[in-house]
Amino acid sequence: MNLSVLLQALGHYEVRGAVDVPIQGICYHSREAEPGFLFVAIPGSKADGRNYVHEATAKGAAAVVFEGAFFDNLRATQVRVLGARLALANLAAAFFVHPTESFYLAGITGTNGKTTLTYLIEAIGQAAGLKTGVMGTINYRFGDVRLDAGQTTPESLDLQRLFSRMRHEKVTNVSMEVSSHAAMQRRVENCHFNSCVFTNLSRDHLDFHGTMEEYYQAKEKVFTHYLALSAKKNKLAIVCTERVHGKRLVKKCESLGIPTVTYGLKKGNDLYPVRFHERPDGFEAELRSARGPIKIVSRLIGRFNLLNIMAAVMAGLHSGCEIGAIEKGIAGMPPPPGRLERIEDPKGRFIFVDYAHTPDALRSVLTELKRTGNRIITVFGCGGDRDRGKRPKMGFETARLSDICLVTSDNPRTEDPGKIIAEILPGVKKGGLRPLKKSGGYLVEIDRKKAIGRALKLAKKGDVVLIAGKGHEDYQIMGTKKIHFSDHEVIKDGIDD
């Protein structure tokens with residue numbers, strides 16, 4: 001594509017050099033630059049892309065896009081913009097010819113439930129005979145393609161490239177997790193959503209957003225900016241009204257004329273349950289909708305998953321799926337990897353792995369497990385170089401709802417694991433636990449493998465063991481290095497001992 005054509009996708013910009021230049025590809029990492037490429041120098045959290053402009057041009061980049069002053073003695077065409085991230089998103093969509101205009105796109109945002117919801121929408125679509133795609137925390141997938149997820153929502157260029165591949169493979173329905181980071185960094189600019197779902201909002205990512213209000217605003221932007229600007233004609237906001245932020249979002253969307261439907265546990269929502277019966281291996285429910293009753297049989301556990309299912313039902317209905325396909329898809333879907341995923345145990349213990357890494361997620365999961373009436377043993381930690389304020393809150397919720405709590409490492413990153421645990425313990429004590437005795441209490445074990453092993457040894461037949469925080473992840477981040485570590489593998493080794 002010619003640079004002059006690509007530049008039409010930008011708003012205000014200034015150019016030095018020729019614009020009648022053929023562009024063979026776009027990149028934002030200088031190591032990926034090739035002859036004829038367009039290099040976009042985006043600012044990062046640790047490095048500024050401007051510092052790599054000369055490296056990109058030395059590799060043959062024909063043009064560069066950047067913020068700030070023009071460069072001296074640069075052979076490539078220079079394009080100066082006010083915002084490099086927005087420019088990258090606009091250029092990527094133009095280069096790949098707006099692929100999201102070609103299929104149904106559901107965006108999922110909220111603190112918890114995003115991954116499970118994408119799996120549910122995928123299962124419903126497949127039951128309806130549709131060709132589905134998913135972009136999310138665990139992986140990016142469509143057809144036979146499975147790609148590791150570097151981040152929940154990819155950078156705009158990678159996103160549009162993957163969407164282009166999906167279009168080529170004739171994918172018809174895509175569900176995508178939209179993180180608050182992605183919303184603020186313009187990664188989903190030019191993603192033409194048919195529907196967007198808001199699941200909930202609770203404390204997380206305040207190391208990035210600063211305040212809960214800023215965090216909410218990032219979520220709201222998914223609807224008021226990205227959904228509002230979508231080129232799709234039949235757009236829909238799907239909002240959970242269980243909490244105040246959802247009710248606030250409904251008012252905002254309606255004030256802007258965005259078609260909105262609600263779901264929740266109470267009558268008065270557009271979708272709500274009239275019956276709910278829990279079983280040891282899942283639950284049954286009947287939902288009331290404008291399209292008539294919908295009967296749910298699910299292998300998922302808990303009321304929070306009932307809410308996830310209701311959101312998936314609304315997205316499925318909006319995309320044209322019949323109620324029969326919706327019921328079939330939900331019934332056949334197992335728990336997603338690391339989402340309250342049960343590990344079978346010959347000794348009769350109920351062992352679960354879950355991704356819960358926020359106070360609200362731990363409270364929701366443990367509340368459901370508490371309903372069993374069995375003793376609960378929880379292993380958890382907090383990530384390093386992240387919101388420190390949630391550490392005692394996570395300790396409090398875990399201690400309040402567990403009989404035994406083992407405090408350990410999660411992904412300590414560049415922080416001292418012992419210091420992270422020291423910030424968790426005040427919450428554990430406030431939650432009512434004291435150092436471990438026969439009847440219960442807490443125990444500190446920095447080594448996560450040993451902590452899991454100790455939990456399994458403490459557990460007796462009928463006890464519930466929750467290994468929280470990492471879910472599907474098969475690594476730990478120590479310092480700046482990723483080392484292989486899987487809660488699943490450690491548990492299975494412990495079971496075999």
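Taken over the Cα atoms of the range 96-163, the convex hull encloses 94 Å³ per residue.
Just to confirm a number: summing +1 for Lys and Arg and -1 for Asp and Glu over residues other than GLN78 whose beta-carbon lies under 13 angstrom from that of GLN78, what do you get? In short, +1. Toward the positive end of the charge dipole of the range 3-95, with +1 on the Cβ of Lys and Arg and -1 on the Cβ of Asp and Glu, the farthest Cα among ALA62, VAL81, PRO43 is that of PRO43. Taking the alpha carbon gyration tensor of the range 99-332, multiplying each eigenvalue by 5 and rooting it gives semi-axes of 25, 22, 17 Å, largest first. With contacts defined as alpha carbon pairs under 8 Å and 6 or more residues apart, what's the relative contact order of the chain in percent? Result for the chain is 10 percent.
Here the 3J(HN,Hα) profile of the range 284-297, calculated from phi with Karplus coefficients 6.51, -1.76 and 1.60 at θ = phi - 60°, is 10, 7, 10, 9, 9, 9, 5, 8, x, x, 10, 9, 10, 10 Hz, Gly and Pro shown as x. Of the peptides 13-22, 437-446, the ranking by mean beta-carbon count within 10 Å, highest at the top, reads 437-446, 13-22. When we measure straight from the Cα of LYS370, which aspartates and glutamates land under 20 angstrom away, once same-chain ones fewer than 8 places off are left out? Within the straight-line limit of under 20 Å, LYS370 reaches these aspartates and glutamates: GLU278, ASP281, GLU284, GLU341, GLU344, ASP345, ASP354, ASP360, GLU397, ASP403, ASP463. At a threshold of 8 angstrom on Cα-Cα distance, excluding pairs fewer than six apart, so keeping six or more, what relative contact order does the range 341-496 reach in percent? Once normalised by length, the contact order is 31 percent. Taking amide H positions as modeled 1.01 Å from N, with prolines and chain starts lacking one, the residues under 5 Å from ILE23 and 5 or more places away or on another chain are ASN2, LEU3.
Here the 3J(HN,Hα) profile of the range 20-29, calculated from phi with Karplus coefficients 6.51, -1.76 and 1.60 at θ = phi - 60°, is 7, 10, x, 10, 8, x, 10, 8, 10, 10 Hz, Gly and Pro shown as x.
For the range 3-95, the relative contact order is 30 percent, taking Cα pairs closer than 8 Å that sit 6 or more residues apart in sequence and dividing their mean separation by the residue count. Scaled against the 2.2 N^0.38 Å expected of a compact globular protein of N residues, the Cα radius of gyration of the range 238-285 reads 1.41. Listed by chain and number, the aspartates and glutamates whose alpha-carbon sits under 20 Å from that of LYS251, ignoring those within fewer than 8 places in the same chain, are GLU213, GLU214, GLU220, GLU242, ASP270. Per-residue 3J(HN,Hα) values for the range 48-56, derived from phi via the Karplus relation 6.51 cos²θ - 1.76 cosθ + 1.60 with θ = phi - 60°, read 9, x, 4, 5, 10, 4, 5, 5, 5 Hz in sequence order (x marks Gly and Pro). Ranked by the mean number of other Cβ atoms within 10 Å of their residues, highest first, the peptides 346-352, 310-316, 485-491 fall in the order 310-316, 485-491, 346-352. Charging the Cβ of each Asp and Glu at -1 and of each Lys and Arg at +1, and nothing else, the dipole of the range 19-101 about its Cα centre rounds to 180 debye.
Remark on the range 251-339: ratio of C-alpha radius of gyration to 2.2 N^0.38 Å is 1.11.
Taking a threshold of 23 Å on the Cα-Cα distance, which of the pairs LYS437/LYS492; LYS46/LYS482; LYS114/LYS235; LYS470/LYS492; LYS438/LYS492 fall above it? Distance filter (> 23 Å) returns LYS437/LYS492; LYS438/LYS492.
Pairwise Cα separations in the chain fall into 10 Å bins from 0 onward with the following percentages, short to long: 4, 18, 26, 25, 17, 7, 2, 0.
Projection of the Cα convex hull of the range 24-70, averaged over all directions and equal to a quarter of that hull's surface, yields 2.9 nm². All alpha carbon pair distances within the range 316-435 were sorted into 5 Å bins beginning at 0; the resulting P(r) in whole percents reads 2, 10, 18, 18, 16, 12, 9, 6, 6, 3, 1, 0. Helical runs assigned H by DSSP (4 residues or longer) give the chain a calculated mean residue ellipticity at 222 nm of -10000 deg cm²/dmol, each run adding -39500 (n - 2.57) before division by the residue total. Of the residues HIS205, TYR215, TYR226, the one whose Cα sits farthest towards the positive end of the charge dipole of the range 196-250 is TYR226 (charges of +1 on Lys and Arg Cβ, -1 on Asp and Glu Cβ, taken about the Cα centre). Comparing ILE477, LEU458, GLY431 along the charge dipole axis of the range 383-497, the residue lying farthest to the positive side is GLY431, per the Cβ-charge model. Once divided by 2.2 N^0.38 Å, the Cα radius of gyration of the range 3-95 becomes 0.93. In loop segments of the range 226-333 as defined by DSSP, the GluC sites (Glu not before Pro) with at most 15 further C-beta atoms inside 10 Å of their C-beta are GLU322. For GLU55, the shell of other residues with beta-carbons less than 15 Å away shows a net charge of +1, using +1 for Lys and Arg and -1 for Asp and Glu.
Values quoted throughout were computed directly from the atomic coordinates according to the rules given, and no laboratory measurement underlies them. Since the model is a prediction, treat every value here as computed from it, not as a measurement. Note: ideal-geometry Cβ built from the backbone for every residue, glycine included; neighbour counts use all protein chains shown.
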